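Please read the structure below before turning to the comments.
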Amino acid sequence: MTSTAAVLAYLPSPPQGVWYVGPFALRAYALCIIVGIIVAIWWGDRRWVARGGQAGTVLDIAVWAVPFGLIGGRLYHVATDWQKYFGDGADPMDALKIWEGGLGIWGAVAFGALGAWIGCRRRGIPLPAFGDALAPAILLAQAIGRLGNWFNQELYGRETTVPWGLEIYERADDAGRSAPGLIDGVSTGVVAFVVHPTFLYELLWNVAVVILLVLVDRKFTIGHGRLFALYVAGYCAGRFWIELMRADTATEIAGIRINSFTSGIVFVLAVAYVIFARKGREAPETLDPGAAEAEVATAEDAATAEAKTGAKDADGGQKEPKESDQAADPDESDSAGKVGNGTSGTSKGEKK
C-alpha cells in the first residue's frame, strides 16, 4: 500500500459513489447517465431545429431510443464480461443490476439506433439526417457518463507514476468488507494503487471529437448519415488505444481485449460509409414530412374557409339591393298612410 501523503500530486478518486437519503440510494453513475441524456436531448433538439426539423422531435424519438440504448448497452456488457455474472461463484441476478455500472457503448449505440429508427419511421423522418443532428450531442453525453466510472473507481488503466495518475482507494462497506471495487463502499483514505485515469482520457478524447464534428459540420454542411459515421469513427479511434491501457478483467481474443477488436472493425466500416455514402445534406423540407403535410392541410383548410366566406358575402351583396327596392315600393309607402297628393288614405281594398 502507498500512503496518501506520498502521492499528493496525483489525481484523487471520489471518497464514495453512492449516497443514501433514507432508504433511497443516489448513485453517481446513474446521475451522470441521466445528465448526459438530458444534455443530448436538449442540444440535439437545437441542432435538429437548426437543420430544418420540428422542435420537440428529438424528445419524442428519445422515448424509443433511450430505453433501447440502455438495454443494448447492458446486453453487450454482460455478453462480453459474462464471467462476472455466470462464472464460478457468480450470481446471475447481478446481470440485472444496471445501477451498479456496466454499459457497453457498442450495444448502446446499436440498440439505440434501432429505437431511433422505430421513432423516425413513425414520424416519417429520415434516420441518417436525425443521426447527423444528434452525433455531437450523443458523444458529449458519453463524455459526461464517463464521470460515473470515476465515482465507481472502475475501468481504470494500468499502474503508473505519471503526475496525473489516479489514486484508487480502499473502500469499506457496512458489512465489514474492504476492497477498491466496492461501489457501495466509502474510502478509508488508504491508497491501494495509482493508475492511468482512462476514464479521463476517454472523456477528453470525446470532447475533442465533439468539437471536430461541429467544425466539420459547419464547414462542409455534411449530411446523409456521414457526420454520424464520423462520430463513430472518431470514437473508435480513441477507444482502440485507450482500451489497450485498461487493466480490468475483460474477454480477450488472441490476447487482445474484445473491445479493441470491436473498435477496429467498426472504425473501418464507419470510414467506408463516410467515403461511399451520398454527399451533400438533406433539404430542410424532407426532415419532417409529417409536419409539412400538416401545414399544407391547414393552409388548404384555411383557403377553403376563406372561399366559403367570400361566397357568403357575395350572396349577401345581392340581397341588399332587393331589400332597398322593397322599401322604395310606392305601394308599400301608400299602405303606410300617405297616398298620391299626401292626403290620408288607406291601403287598396280597405273599406270605409
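The values are calculated or read from the model by the stated rules, or taken from the named source; none is laboratory data. Bear in mind the structure is a predicted one, so any value in this text is a computation, not a measurement. No Cβ is skipped: glycine too gets one built from the backbone with ideal geometry, and neighbour counts run over all protein chains shown. Remember, those area values only see protein heavy atoms, side chains included, never the ligands or the DNA or RNA. Shrake-Rupley method; radii C 1.70, N 1.55, O 1.52, S 1.80 Å.
Summed over all non-identical Cα pairs, the Kirkwood treatment of the stretch 7-75 gives a radius of 14.9 Å. Remark: the stretch 170-183, residue by residue, has Karplus-estimated 3J(HN,Hα) of 6, 10, 10, 10, 5, 7, x, 7, 9, 5, x, x, 6, 5 Hz, where x stands for each Gly or Pro and the curve is 6.51 cos²θ - 1.76 cosθ + 1.60 at θ = phi - 60°. Charge dipole of the stretch 1-153 (Cα centre as origin; +1 on each Lys and Arg Cβ, -1 on each Asp and Glu Cβ, all else neutral): 520 debye, rounded to the nearest 20. Ranking THR221, ILE265, TYR235 by how far each Cα lies toward the positive end of the dipole of the stretch 197-270 (charges on Cβ) leaves THR221 at the top.
For SER187, SER13, the ranking by accessible surface with the largest value first comes to SER187, SER13, using a 1.4 Å probe.
Leaving out ligands and nucleic acids, note down the accessible area per residue over the stretch 111-234 with a 1.4 angstrom probe, in whole Å².
Numbers: 5180 Å² over 124 residues.
Each residue of the stretch 111-234 exposes 42 Å² on average to a 1.4 Å probe.
Could you sort the peptides 208-215, 272-279 by per-residue average Cβ neighbour count (10 Å cutoff), highest mean leading? Don't skip to the answer; put the middle values down first.
Working: 208-215: 16.5, 272-279: 12.4.
So the peptides 208-215, 272-279, ranked by packing, come out 208-215, 272-279.
Spacing of the modelled spin labels on ALA283 and TRP19, each 7 Å from Cα toward Cβ, amounts to 5.3 nm. Given in Å, the Rg to one decimal and the Dmax to the nearest whole number for the Cα atoms of the stretch 106-238 are 19.2, 58.
Potential lengthening of the chain between VAL190 and ALA90 amounts to 33.2 nm, from the contour at 0.36 nm per residue minus the alpha-carbon distance. Taking amide hydrogens as placed 1.01 Å from N in the peptide plane, the amide H of LEU182 sits under 5 Å from those of ARG171, each at least 5 positions away in sequence or on another chain. Peptides 109-115, 144-150 ordered by packing proxy, namely the average of other Cβ atoms within 10 Å per residue, highest first: 144-150, 109-115.
Per residue, the convex hull spanned by the Cα atoms of the stretch 10-167 amounts to 152 cubic angstrom. Between amide H atoms placed 1.01 Å from N, distances below 5 Å from GLY225 occur with ALA129, ASP132, all of them 5 or more places distant or on a separate chain. Projecting the Cα atoms of ILE125, LEU114, GLY157 onto the dipole axis of the stretch 114-186, where Lys and Arg carry +1 and Asp and Glu carry -1 at the beta carbon, places ILE125 farthest toward the positive end. Taking amide H as placed 1.01 Å from N in the peptide plane, PHE193 has its amide H under 5 Å from the amide H of ILE168, each at least 5 places away in sequence or on another chain.
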